[in-house]
Amino acid sequence: MGILGLGGVNERGGLRGSGSMEAVSYFEVDVNGRQSFFIDKGIISSYSGKVSQIFQQQSASVTNLHGRPPRVALNDLPGGSEAFELLTRFCYSNGKTHITPSNVCRLHCAAIFMEMTEELHTNNLVTQTDRFLQGMVYWTWSENLVVLKQCQEFIAPATSSGILYKIINSMLLKLAANNESSPSSSSPESSSVRFSCDTKSSEFAKNSGQSWWFEDFSGLSTLVIEKFIMEMVRHKIDNLIISRFLFYYFKSRFPSSTPIEKLEITEAVVNLLSLLDKNSISCKGLFAILRMTSGLAISKSCRDQLESMIGSQLDQATLDNLLFPAPVKMGSLYDVNLVLRFLKSFIGGDGISATALKRVGVLMDKYIAEVAPDSSLKPSKFIALVKALPDSARESYDEIYRALDMYLEVHAGLSEEDRVKICRVLNHEKLSLEACKHITKNSNIPSRAAIQAVISQQSKLKSLLEGYDHFSSDINTTPLSYKSKVSKSTCHEVDDQIVLLAKKVDLSMENEKLKAHLQGMQWKVIELEKMCKKMQSQMSRMMMKNKVASHGNARLPRLCS
């Protein structure tokens, strides 16, 4: 409990009174329910509108039964009892006090709360602290940082009073004006840079590669960081340096924080990153946040936001990035549902380039091959992984077939119906001849899928032969044309057999007779393939012999090259 009177400072550092403590002159003030002070009504009310109003509501002559002065309460005073003592000293010193960067925030916010304005006194504390804050452009970086750290102690009044934004903008100006070495002082000239709505802070952009200030900010509260980053975004400061700082802040603060603090840090950082240009955000950094928060109960909106940002940059991911262990309740090895959500965000994004799409296609082929041996992976999830991307994402389905073959090998107990459904994911038009041949010999593949592979193989060979026939007519080579016609007749023969065999397929069962027919048909297709290769060899010799230079742009069919 402090006793404040009309005199100077007593031997214990408090203010001593110059007269007796009369009930009419003195009031007991309870500050935030933590400490009480006895103050002179006349002195304090002459500077504080809030105190004056409180006294008007109290009877100046009333004392309690024990003869104690009337008691009033001041709740939610910024800075608490320390600030109140500074204010009373100001009043008892006839409006004089020593303002420094280390106390200006506390004094300013408390003075506004106590309504110590010019309406009551020309020599008021609000005006004095305002005047002092105007000189912050001359302060050192360290002095600015002291005030910023003070603001986080009472963020609401510091924000509403405007002091927080003043100090933030002062520090942004210093970041723009100083070079890589941390500034120890600041001159008016170096701090005269000004932000405007029609510029992109070119001065800051020149020095945006510096990160010397990251450590200074790493200990600040998430509320202060949010205000600071929002101002950086508003001033159009380089998003790359902002994202780099946010990842640094997360990695610095997260490990040593409490569970509640970890939630606050994660949600603040993710929300701020979502405001930035996605090209400035590290995909690797996003995956790091996702892994570090995997066991944390962050909000659904925050997790969705994080997954969406990752999905939009999925073309920059690696296979290791995607291998997240599945939650216990899923039973599988990897969290396939998470990857499916990434794919949904990627496909739903704007302006996906063909290059990015194909890059994700290659990545997903690797991922599917990785998860295929998982005996707990359900057929529906395997199919969903393959079909999540459009067909244009893959140049070839050979990798998908290899993964499918592995999946069927591990899941030997699957029903015929499930096996047929799984095989439907294959685009036989994008399977190589080698893959098609392997399918016809693969005991894990249902007959219907094998027949489709033979049909696709036959179709490709027919296209090749037609291409050779067209080429041979151009160079007027009868032997090659003859072979092509013979080959066509063989193609038609295989076509007829395929149609007949397809009609005989019973999807409910496999039998040896059906397999024998399939193998016989495959032998005929192999003969066509051999003939194709002979034609290719003969064509090459004829081209060399006749030196047909004009046909340099006529490419050989892709499947025979």
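The values are calculated or read from the model by the stated rules, or taken from the named source; none is laboratory data. These numbers were taken from a predicted model, which means no experiment stands behind them. Note that each Cβ is placed from the backbone with ideal geometry, even for glycine, and that neighbours are counted across all protein chains shown.
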What are the pairs, 6+ residues apart or on separate chains, where a residue within the stretch 395-413 that is farther than 13 Å from residue 425 by Cα has its Cβ under 8 Å from a residue that is buried (at least 18 other Cβ atoms within 10 Å of the Cβ) and acidic (Asp, Glu)?
410/374
Of all residues making up the stretch 328-355, the number that are assigned to a loop (DSSP other than H, G, I, E, B) and crowded, with 18+ Cβ neighbours inside 10 Å:
1
With the structure loaded, tell me whether residue 239 is among the polar types (S, T, N, Q) and in the same structural domain as residue 368 (by TED's automatic domain parsing) or whether it fails that test.
no
Looking only at the stretch 356-365, decide whether some residue is not acidic (Asp, Glu) and not in a helix (DSSP H, G or I).
no
So which of 282, 257 is over 30 Å from residue 336 (Cβ atoms) and either modelled with pLDDT of 95 or more or of a type outside the set (A, V, I, L, M, F, W, C) (or both)?
257
Just need a number here: residues in the stretch 344-375 that are farther than 18 Å from residue 279 by Cα and under 20 Å from the mean Cα position of the chain (by Cα).
2
Within the stretch 325-373, residues of a type in the set (Asp, Glu) and more than 16 Å from residue 290 (Cα to Cα) come out as 350, 365, 370
What's the number of the only condition in (1) of a type in the set (A, V, I, L, M, F, W, C); (2) in the same structural domain as residue 338 (by TED's automatic domain parsing); (3) surrounded by fewer than 21 Cβ atoms within 10 Å (Cβ to Cβ) that residue 400 fails to meet?
(3)
Could you say whether any residue in the stretch 317-326 is surrounded by fewer than 17 Cβ atoms within 10 Å (Cβ to Cβ) and of a type in the set (Val, Ile, Thr)?
yes
Between 50, 41, which is under 15 Å from residue 126 (Cα atoms) and modelled with pLDDT under 90?
50
Look through 240, 223 and report the one residue that is touching a residue at least 60 places away in the same chain (Cβ under 8 Å), in a helix (DSSP H, G or I), surrounded by fewer than 18 Cβ atoms within 10 Å (Cβ to Cβ) and among the hydrophobic types (A, V, I, L, M, F, W, C).
223
So, in the stretch 157-172, how many residues would count as being under 28 Å from the mean Cα position of the chain (by Cα) and more than 19 Å from residue 131 (Cβ to Cβ)?
4
Only one of (1) in the same structural domain as residue 413 (by TED's automatic domain parsing); (2) free of Cβ contacts under 8 Å to residues at least 12 places away in the same chain is not met by residue 370, so which one is it?
(2)
Matching residues in the stretch 94-143 (over 20 Å from residue 50 (Cβ atoms), of a type in the set (D, E, K, R) and within 40 Å of the chain's Cα centre (by Cα)) number 1
If residue 326 passes every condition in (1) in contact (Cβ under 8 Å) with a residue 24 or more places away in the chain; (2) within 24 Å of residue 412 (Cα to Cα) but one, which one does it miss?
(1)
Here are some conditions: (1) crowded, with 17+ Cβ neighbours inside 10 Å; (2) closer than 28 Å to residue 404 by Cα. Residue 293 meets all but one. Which one does it not meet?
(2)
Among residues of the stretch 243-259 being surrounded by 19 or more Cβ atoms within 10 Å (Cβ to Cβ) and of a type in the set (Ser, Thr, Tyr), the residue farthest from the chain's Cα centre (by Cα) is 249
Kindly indicate whether residue 307 is of a type in the set (Asp, Glu), over 12 Å from the mean Cα position of the chain (by Cα) and surrounded by 15 or more Cβ atoms within 10 Å (Cβ to Cβ).
no
Are any residues in the stretch 293-302 touching a Ser or Thr at 6+ places or on another chain (Cβ under 8 Å) and either part of a helix (DSSP H, G or I) or at pLDDT 95 or above (or both), and if so, which ones?
302
Within the stretch 265-274, identify whether any single residue is of a type in the set (Ser, Thr, Tyr) and assigned to a loop (DSSP other than H, G, I, E, B), and answer yes or no.
yes
